[in-house]
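Throughout, read-outs are computed from the coordinates displayed, never taken from laboratory work. On a predicted model such as this, the values are computed, not experimentally measured, just so you know. Cβ atoms come from the backbone with ideal geometry, glycine included; neighbour counts cover every protein chain shown.
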Amino acid sequence: MDNESRMRFAPHIAALILPMLSLAGTAAADDPADEDAMENLEGRTAAGLNAAHLLPIGVPSTNVRMPDFEEDILVSWMRVGTLTRIDHDELDMIDLRLESYLPDGTLDYVVIINRGFYQIASGQLVSRTPTRIEGRGFFLEGEGCDYQPDSPIIKILGNIHSEFSVQREDPPQDR
């Protein structure tokens, strides 16, 4: 991965969260029985947070998967172990995993957040738990993150450990 590619991952990570939450009302559980539901999502492009208000308050949804397509090409996946709408404006996301794909379908990088809170109205995502970003030739891990929608940057908080190497292996596959 060249330096230009590394520099582009921060704003793209932030951009993944907003559009994929619009599919929350149509997200499928991580279950082989839901393959038909996933096929029906193909070709849909996320368009904001219009569906987040449809989630019932206080009812956890488990193993949520939300794909994002551009012109029928999968560009990213958002997977959440447990997604709960806390109130009219806040989502609690446990075991959040964002995967970004290259146009040829190969995994580009992964963002892993143990627990994050998303403000629907403001678009702010905050986590005070370990946050890890892994890709070809790099990884970085901090004690949390803060994303403000008026900024193209995700702030990684606390002590940060990072490694950059051309010898580093590809991003992690599903764990």
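For the peptides 138-144, 77-83, the ranking by mean Cβ contacts within 10 Å, running from highest to lowest, is 77-83, 138-144. Model label points for E163 and D89, set 7 angstrom from Cα along the Cα-to-Cβ axis, are 4.2 nm apart. Taking 0.36 nm per residue of separation and subtracting the current Cα-Cα distance, fully stretching the chain between V59 and N114 would add 17.9 nm.
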